[in-house]
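These notes are about the structure you will find just below.
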Amino acid sequence: MTLRWAILGTGGIARGVMPRLLEARGCSLTCVASRDPAKAQSLATSAGLADPRAAACTYDELPRRADVDAVYVTLPNHLHTEWCIRLLRAGKHVLCEKPLCATLAEAERIAHTARDAGRLAVEGFMYLHHPQTRRLRELAGIPEAGGILQSPIGRLRAIRSLRFVRQSDPHILSTRLSHAMEGGAMMDLGCYPLSIARFVTGAEPSDIRATARFADPLPGETGRVDIACHFSFTLPTSHGEVAFEGGASFDDDQAVFVELVGDQGIARTGFPFSPDAIRQTLSVNDAEEVFENAGEKFTLQFEHFARAVRGEVAPLPSMEFSIGQAAAMEAIHQAIGLRWA
């Protein structure tokens, strides 16, 4: 069975990721949806679809298309919940760009809708599908089958992770710094360090603390979002508490990394969220582990999603993981005084 996809949205994410969908096994691209049919047709043409005019549709036409099984949602953050629910009710499986949503209540609504519709709703953390991430989970002492592994770094004591991207493009910042569109450094970037800490430990944060620097409101808006956020928390695991410290920023050049600190050593990578498809290295104590030809993270994500639809594997991440992610994101936003309503 080939999973027939639609891409909802024609922005930079859609254009950048579309080639990865086209090369994914068990997947095909049927149509592209945009508010502007001309933009949809242009992207369908660039995808090499046989009939770009027929492959283009509007947002409102997409749920009614019988030739679409799954939709990749690439819309701005504030539209995620609305469109996930609408598509699920229309019988479509949904892969939604991270972050899935801004609040626990929204995540639970999406989960309930997916369950009632008998369809998958998955948050698009593509890096989870690269073997390096699974290895980090093992090094943290959490094997795929459960239990505790003997890790070369010993018992995990701390995790540090940063996701910083200096951003100056006014068009991009008009979305990322918009309160109305649920932007901000935590939503756009901080979700990565938060998610990897939760994934490798299998634990939920407690004692969350956070500070932030805020951008001025955009023209026409009164609400502000964080341009930088620093956060910390404790992860209670079966082999002791793990301290986490991390951050996210739009205006800093510090390196992106994740570091697992054990009582016998350290594992570190500078490419935790964008591991290389051809050759990726992970430093473990004084040794280097190499992942050769492990695959492109977005392609692996689409292939895994298709297999999950067929019932061959469990969704990655699970909806339960995304509910926990939304709860932690909301707690961090509350700690810095950011509200969406």
Practice prompt. Select from 218, 273, 318 the residue farthest towards the positive end of the dipole of the chain; place +1 on Cβ of Lys and Arg, -1 on Cβ of Asp and Glu, and compute about the Cα centre.
Written response: 318
Worksheet item: Just going by the charge dipole of the chain, with Lys and Arg at +1 and Asp and Glu at -1 on Cβ, which of 197, 180, 159 is farthest out on the positive end?
Response: 180
Worksheet, complete the sentence: In debye to the nearest 20, the charge dipole size for segment 258-341, taken about the Cα centre with +1 at each Lys and Arg Cβ and -1 at each Asp and Glu Cβ, equals 400 debye
Item to complete: With runs of 4+ DSSP H residues as the only contributors, calculate the mean residue ellipticity of the chain at 222 nm using -39,500 (n - 2.57) per run, divided by the residue total and rounded to the nearest 500.
Response: -9500 deg cm²/dmol
Worksheet item: How much area per residue is accessible in the chain when the probe is 1.4 Å and only protein heavy atoms are counted (Å²)?
Response: 42 Å²
Worksheet item: Where the accessible area of segment 226-341 is counted over protein heavy atoms with a 1.4 Å probe, how much of it, in %, is carbon and sulfur?
Response: 49 percent
Discussion item. What is the sum of charges, Lys and Arg at +1 and Asp and Glu at -1, for the other residues whose Cβ falls under 13 Å from the Cβ of residue 63?
Written reply: +1
Worksheet item: Long-range amide H contacts for residue 154: which residues qualify at under 5 Å (H placed 1.01 Å from N, peptide plane, sequence gap of 5 or more or a different chain)?
Response: 264
Worksheet item: In percent, what relative contact order does the chain have, based on Cα pairs under 8 Å that are 6 or more apart in sequence?
Response: 18 percent
Fill in: Prolate/oblate/rounded call for segment 1-79, Cα gyration tensor, a/c under 1.5 rounded
rounded
Practice prompt. Please name which of 80, 93, 103 has its Cα lying farthest along the dipole of segment 68-122 towards the positive end, using unit charges on Cβ (Lys, Arg +1; Asp, Glu -1) and the Cα centre as origin.
Written response: 93
Worksheet item: Taking the Cα centre of the chain as the origin, how large is its charge dipole in debye, to the nearest 20, when only Lys and Arg (+1) and Asp and Glu (-1) carry charge on their Cβ atoms?
Response: 660 debye
Fill in: Three-way shape label, segment 279-341, alpha-carbon gyration tensor, a/c 1.5
oblate
Worksheet, complete the sentence: 1/(1 + (r/R0)^6) with r = Cβ-Cβ of residue 157 and residue 23, R0 = 30 Å, i.e. FRET efficiency to nearest 0.05, evaluates to 0.15
Worksheet item: How do the peptides 158-165, 332-339, 219-226 rank, highest first, by the average count of neighbouring beta carbon atoms within 10 Å per residue?
Response: 158-165, 332-339, 219-226
Response to the item:
Taking a ≥ b ≥ c as the square roots of the Cα gyration tensor eigenvalues, with a/c under 1.5 meaning rounded and otherwise prolate when a/b beats b/c or oblate if not, segment 174-301 comes out oblate
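The values are calculated or read from the model by the stated rules, or taken from the named source; none is laboratory data. Predicted model only: the values in this text are computed from it and were never measured. A quick note on method: Cβ atoms are made from the backbone with ideal geometry, for glycine too, and the neighbour counts reach across all protein chains shown. With ligands, DNA and RNA removed, areas are computed over all heavy atoms of the protein, side chains included. Shrake-Rupley method; radii C 1.70, N 1.55, O 1.52, S 1.80 Å.
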